[in-house]
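The values are calculated or read from the model by the stated rules, or taken from the named source; none is laboratory data. The shown structure was predicted, so the numbers you read here are calculated from the model rather than taken from an experiment. Note: ideal-geometry Cβ built from the backbone for every residue, glycine included; neighbour counts use all protein chains shown.
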């Protein structure tokens, strides 16, 4: 098994691993953490969308809308991009149509893989167990911020590499693993310097930031198939 890291969706087309691969979409702050939280709270399915316009037809199909841009909930959507908000609700049986600034774009970017999974610290152990069972090469696709690199997603990639006990493949994976070695004793504290952490603090989302660094808080593994995330 090889594990490669794509540091942003902009770099994903240039990955080395292209066949018989699993892709893991990672947007720690906050989309992939929020998706795991929604499923953990009982959500039945999530349709990731890359535009706000794409959301509207789903309401007539019985979906609840979840929308975020720039860290803020959009318009009349029932939900935003907050994992702690989802966990405060009983989401049993709810279907979500979901669009965010970075995370849903990243999930859809990885849709061409043999299997596309959602990853975060929240589902770290369950995700790695699933990857072991799939037994194929893995591309860890970091969302970053508006196509640029970010530290927190890279740390999740490094944690996955360590937990899988596989040698990193390529310089980006080697860097992710090395960064994780520096940060793993307290990744939350390590990321206090991160741009997106400060952005979310400014939006009053400190609770979400803290929650995102809790390992195995939502032990579910959302899988994308035919454009729909389910368990």
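Hey, any hits in the stretch 57-66 for a residue that's out of contact with any strand residue (DSSP E or B) (no Cβ under 6 Å at 6 or more places or on another chain), without any contact (Cβ under 8 Å) to a residue 40 or more places away in the chain and surrounded by 24 or more Cβ atoms within 10 Å (Cβ to Cβ)? There is no residue in the stretch 57-66 that is out of contact with any strand residue (DSSP E or B) (no Cβ under 6 Å at 6 or more places or on another chain), without any contact (Cβ under 8 Å) to a residue 40 or more places away in the chain and surrounded by 24 or more Cβ atoms within 10 Å (Cβ to Cβ). Take the conditions in contact with a helix residue (DSSP H, G or I) (Cβ under 9 Å, 6 or more places away or on another chain) and either more than 16 Å from residue 35 (Cα to Cα) or assigned to a loop (DSSP other than H, G, I, E, B) (or both) and apply them to residue 105. Does it pass? For residue 105, the condition - in contact with a helix residue (DSSP H, G or I) (Cβ under 9 Å, 6 or more places away or on another chain) and either more than 16 Å from residue 35 (Cα to Cα) or assigned to a loop (DSSP other than H, G, I, E, B) (or both) - is not met. Would you call residue 81 crowded, with 24+ Cβ neighbours inside 10 Å, assigned to a helix (DSSP H, G or I) and within 15 Å of the chain's Cα centre (by Cα)? No; evaluated as a whole, the condition is false for this residue.
Name, by its number, the condition in (1) surrounded by 20 or more Cβ atoms within 10 Å (Cβ to Cβ); (2) part of a helix (DSSP H, G or I) that does not hold for residue 10. All conditions are met except number (1). I'd like to know if the stretch 215-231 contains one or more residues that are at pLDDT 95 or above and in a helix (DSSP H, G or I). The answer is no, given that none of the residues of the stretch 215-231 is at pLDDT 95 or above and in a helix (DSSP H, G or I).
Tell me the residue from 212, 183, 159 that is surrounded by 15 or more Cβ atoms within 10 Å (Cβ to Cβ), under 17 Å from the mean Cα position of the chain (by Cα) and free of Cβ contacts under 8 Å to residues at least 60 places away in the same chain, please. Only one candidate qualifies: 159. If the condition is being in contact with a helix residue (DSSP H, G or I) (Cβ under 6 Å, 6 or more places away or on another chain), assigned to a loop (DSSP other than H, G, I, E, B) and buried (at least 23 other Cβ atoms within 10 Å of the Cβ), then the stretch 89-102 contributes only 100. Annotation for the stretch 31-51: no member residue is in contact (Cβ under 8 Å) with a residue 60 or more places away in the chain, surrounded by 20 or more Cβ atoms within 10 Å (Cβ to Cβ) and part of a loop (DSSP other than H, G, I, E, B). Considering only the stretch 198-208, I want to know if a residue exists there that is within 15 Å of the chain's Cα centre (by Cα), farther than 20 Å from residue 5 by Cβ and surrounded by 16 or more Cβ atoms within 10 Å (Cβ to Cβ). Checked the stretch 198-208: at least one residue is within 15 Å of the chain's Cα centre (by Cα), farther than 20 Å from residue 5 by Cβ and surrounded by 16 or more Cβ atoms within 10 Å (Cβ to Cβ). When restricted to residues that are surrounded by fewer than 16 Cβ atoms within 10 Å (Cβ to Cβ) and out of contact with any strand residue (DSSP E or B) (no Cβ under 8 Å at 6 or more places or on another chain), the stretch 127-149 contains 7. Only one of the numbered conditions (1) over 27 Å from residue 7 (Cβ atoms); (2) under 16 Å from the mean Cα position of the chain (by Cα); (3) part of a strand (DSSP E or B) is not met by residue 86, and that is (3). Of note, residue 197 does not satisfy the criterion of being touching a residue at least 12 places away in the same chain (Cβ under 8 Å), closer than 26 Å to residue 85 by Cβ and in a loop (DSSP other than H, G, I, E, B).
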